[in-house]
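J.: Got a structure here, written out as structure tokens. Questions coming.
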Ligand code: ADP
Ligand code: MG
């Protein structure tokens, strides 16, 4: 039936819309960027679908985006002839916040309500389609999925509900129509029916979009009429507003930072600024171009299972897929951008890509490039980078043996040397005592816990620096990375820790013999009493204040790792 059905927005969506509708967000223009970005994605998807599904009867000869204005009705429409959506897709994609991290969003929304700072929220979460409600008090979406015969009409005033109904004659693709808020009508800065304004926004935010963004523009020209008078002739022409130049094909010197930033936001669906822009070009037998970004902020879902790696694959400027896992290792999943390869088939599937030797080569080169950029960051940038992504990068220490040395070089750690600043390993090595050939560390849950550990006493007394490792991943890599620049890693909680010089050793040896005799009875008694819990009881010089401590064998799991395994049910 074609009865209009009224459905309710999910609670978070409702809150979000409420915020949009009532926000005083000053950067209103960005709504158009979001709509064009979605339209562009939809065109990419349709072209790809038509490659992969020969039975899909769609015309892909004129894929484009249209901007249409009705000055009297005060509406603005963005139309694409892309992939479109089914009714169910409209409900799930537009009616709910499908993004992961809904819990985070919920928390942020609650806070935003009190602090009345929706700008930050918008900046943090990237509101996409909903940003329409910054400028519109009613939004109509008309869509028909490629290959289907019946379309869908969706409409909402941004309140608790939306309506959805069948629309038999909808053209294939999607049209989003914004009914512009009356309060902006008077303000010429926010006149989204003005040609100059729309032209301006498209040029500013969406110039690189690969598909033509068209608009009907009026032109006037001086012509001589039949009576021989010079008059203005008004004509209406369709004009393409964007240059459609793929940014990664242009030399860096010709692209402005703003252009790169807008492109970054388009590919990453993020709203922060990139910390690093990395253009890269490989020539020779296998040609490709890449444009990568290191974000300035970690997304909130970086450590959740559904976080996607952020590099898109293009082949000869044709979009092939989002999140191409073969292009970036897991530990660089925060890197965003595109890789455009010249010599792959447009028909590549994920399965083929997994086997592809060339992609492995590309990944290798890109990883080295990204690591070298991190290595060259200035101090301030690096500190922020490490705060945001350090814990992810350290995951690479476990699997990527080839780049282990570089990864160790660019990593930083908390240490007993300073309670403010982190140290790199090179700094630790410089501060090592004469004859010290070991990098000491202790893993645990917090700095405070580690500093109060009895294991620390002898090291404090001797003034030996200890790295204080509190990220869960530290438990993993410390077990598999043997050394840095020839210096062994040694946990101060495991095995025999030898802190004495040769002379000291001789002196204590005789003392130890005496003590062993003196405390022999006690040690024997302790050993029998604690038999079921410990392997051995011995005198130690690792403590200066505490009477006793428990020490793991060199190859034992640390208590924290054991806890992690228990928590994960192993
Ligand atoms: P994002 O683009 O980050 O996924 P949006 O809120 O902008 O988030 O859009 C949500 C989803 O709605 C998109 O992922 C897409 O699946 C769908 N969508 C939005 N606009 C269009 C469109 N013009 N054509 C097809 N699908 C669309
Ligand atoms: Mg979007």
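Values quoted throughout were computed directly from the atomic coordinates according to the rules given, and no laboratory measurement underlies them. From a predicted model like this one, the values you see are computed outputs, not experimental measurements. Methodologically, a virtual Cβ is constructed for each residue, glycine included, from the backbone with ideal geometry; neighbour enumeration extends over all protein chains shown.
J.: Pop a pseudo-label 7 angstrom from the Cα along the beta-carbon direction at both residue 449 and residue 230 and give the gap in nm to one decimal.
T.: It is 8.4 nm.
J.: Taking square-rooted eigenvalues a ≥ b ≥ c of the alpha carbon gyration tensor, is segment 326-456 rounded, prolate or oblate, where a/c under 1.5 means rounded and, failing that, a/b exceeding b/c means prolate?
T.: Cα axes put segment 326-456 in the prolate bin.
J.: Let me ask another. Which whole-number percent gives the relative contact order of segment 143-218, counting Cα pairs below 8 Å spaced six or more residues apart?
T.: With pairs under 8 Å counted, the relative contact order is 21 percent.
J.: Now for a different question. Please determine, in degrees from 0 to 90 and to the nearest 10, the orientation of helix 502-529 with respect to the longest principal axis defined by the Cα atoms of the chain, where the helix direction is its Cα long axis.
T.: With rounding to tens, the tilt is 90 degrees.
J.: Could you tell me which of rounded, prolate or oblate describes segment 386-506, using a ≥ b ≥ c as the square roots of the eigenvalues of the alpha-carbon gyration tensor, with rounded for a/c under 1.5 and, failing that, prolate when a/b is larger than b/c and oblate otherwise?
T.: Taking the square roots of the gyration eigenvalues as a ≥ b ≥ c, segment 386-506 is prolate.
J.: Please arrange 196, 271, 248 by how many other C-beta atoms lie within 10 Å of their C-beta, fewest to most.
T.: 196, 271, 248
J.: What is the calculated FRET efficiency for residue 436 to residue 360, with r their C-beta to C-beta distance and R₀ = 60 Å, to the nearest 0.05?
T.: Here the calculated transfer efficiency is 0.90.
J.: Got the relative contact order for segment 299-382 handy, in percent, Cα pairs under 8 Å and 6 or more residues apart?
T.: Answer for segment 299-382 is 26 percent.
J.: Here is a further query. So how do 319, 129, 293 line up by other beta-carbon neighbours within 10 Å, fewest first?
T.: Exposure proxy ranking, most exposed first: 129, 319, 293.
J.: If each residue of separation counts as 0.36 nm, what is the full-extension length gain between residue 110 and residue 249 once their alpha-carbon separation is subtracted?
T.: 45.7 nm
J.: If you average the alpha carbon positions of segment 27-88 and of segment 230-296, how far apart do those two centres end up, in angstrom?
T.: What the calculation gives is 19 Å, centre to centre.
J.: Rank the residues 61, 243, 268 as a footprinting-exposure proxy: fewest other Cβ atoms within 10 Å of their Cβ go first.
T.: Fewest-to-most ranking of 61, 243, 268: 61, 243, 268.
J.: Additional query: State, as an integer percentage, the relative contact order of the chain based on alpha-carbon contacts under 8 Å between residues 6 or more apart.
T.: Worked out over the chain, it gives 10 percent.
J.: By the gyration tensor of its Cα atoms, with a ≥ b ≥ c the square roots of the eigenvalues, what is the shape of the chain: rounded for a/c under 1.5, prolate for a/b over b/c, or oblate?
T.: Prolate.
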